[in-house]
Amino acid sequence: MDLWEQVPLAWREPLRAQAAQIDAIGALLSGPSAAAAVLPAADRVFRALQVAPQDVRVVIVGQDPYPNPDHACGLAFSVPAGTQPLPPSLRNILDEVRDDCGSTQCADGDLQAWVDQGVLLLNRSLTVAAGSPGSHVALGWRVVTQAIIDAVVAIDPLVVAVLWGTAAQELVVRFSANSVIASAHPSPLSAYRGFRGSRPFSRANAMLQRRALPPIRW
């Protein structure tokens, strides 16, 4: 699997130092010991990077892709339009948007509208074996995704970071302390231990507006 060829052109130079790492991960994913099904599809592994580094306004960090082939789409927490039922984590996210902002424009679970406004929906691991959550944590993705974050912060040191769960919060030191919104993961196992009621969406918009940047239409 030639993953480097899937990296969008705008990200090639910022990630040049990670090219060998990305190629090594691709080799592991296509080798004889690889899982039968890798999610998402190769052409969607770097889908989050459709936002050019200089256009990122908010970073939302998750853990790894959904292990369900019907859900994994290359954007953290998002699912393809029309997916029903929604994954529980995503249901909690959209419920929080409604409670926080009054409504959401992404009721069907496709979060592409956020991406179009400069939201980087990035998982710490960009692939997973079908049916096996967390199965690719040891492949080296976290080195790559940390480099993605560092590239964004190098351009905008005050970029807003929304970090849900332990894996995401490992990145807290990469961001300006005044630009971080951190809480429990929206998973049903932890959502009511700090995610629900945390109002991350209005808080992110307040941070943007303090810098005279337009808010995200969540």
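The values are calculated or read from the model by the stated rules, or taken from the named source; none is laboratory data. Note that the structure is predicted; figures quoted are calculated from it, not measured. Here Cβ is always computed from backbone atoms with ideal geometry, including for glycine, and neighbour counts include all displayed protein chains. Keep in mind that these areas ignore ligands, DNA and RNA; they rest on the heavy atoms of the full protein, side chains included. Shrake-Rupley method; radii C 1.70, N 1.55, O 1.52, S 1.80 Å.
Tabulated data
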{"item": "Residue 146 vs. criteria assigned to a loop (DSSP other than H, G, I, E, B), of a type outside the set (Gly, Ala, Ser), surrounded by fewer than 20 Cβ atoms within 10 Å (Cβ to Cβ) and out of contact with any Ser or Thr (no Cβ under 7 Å at 6 or more places or on another chain)", "result": "no"}
{"item": "Total residues in segment 204-218, condition surrounded by fewer than 16 Cβ atoms within 10 Å (Cβ to Cβ) and either farther than 17 Å from residue 98 by Cα or in contact (Cβ under 8 Å) with a residue 12 or more places away in the chain (or both)", "result": "6"}
{"item": "Residue satisfying condition, being within 28 Å of residue 17 (Cα to Cα), under 15 Å from the mean Cα position of the chain (by Cα) and of a type outside the set (Ser, Thr, Tyr), within set 111, 90, 139, 121", "result": "121"}
{"item": "Failed condition for residue 19, given (1) without any contact (Cβ under 8 Å) to a residue 24 or more places away in the chain; (2) touching a helix residue (DSSP H, G or I) at 6+ places or on another chain (Cβ under 6 Å); (3) farther than 18 Å from residue 141 by Cα", "result": "(3)"}
{"item": "Top-ranked residue of segment 180-206 - restricted to ones that are in contact with a helix residue (DSSP H, G or I) (Cβ under 6 Å, 6 or more places away or on another chain) and in a helix (DSSP H, G or I), ranked as modelled with the lowest pLDDT", "result": "191"}
{"item": "Unmet criterion (only one of (1) in contact with a Gly (Cβ under 7 Å, 6 or more places away or on another chain); (2) open to solvent by less than 10 Å² (accessible area, probe 1.4 Å); (3) assigned to a loop (DSSP other than H, G, I, E, B)) for residue 86", "result": "(2)"}
{"item": "Single residue of 38, 56 found to be touching a Leu at 6+ places or on another chain (Cβ under 6 Å), closer than 23 Å to residue 113 by Cβ, in contact (Cβ under 8 Å) with a residue 24 or more places away in the chain and open to solvent by less than 60 Å² (accessible area, probe 1.4 Å)", "result": "56"}
{"item": "Test result for residue 64, under 16 Å from the mean Cα position of the chain (by Cα) and either buried (at least 16 other Cβ atoms within 10 Å of the Cβ) or at pLDDT below 95 (or both)", "result": "yes"}
{"item": "Condition met for residue 151 (assigned to a helix (DSSP H, G or I) and either out of contact with any Gly (no Cβ under 7 Å at 6 or more places or on another chain) or of a type in the set (Val, Ile, Thr) (or both))", "result": "yes"}
{"item": "Candidate set from segment 106-120 (those that are of a type outside the set (Gly, Ala, Ser), farther than 20 Å from residue 195 by Cα and not in a helix (DSSP H, G or I)); member that is most open to solvent (accessible area, probe 1.4 Å)", "result": "116"}
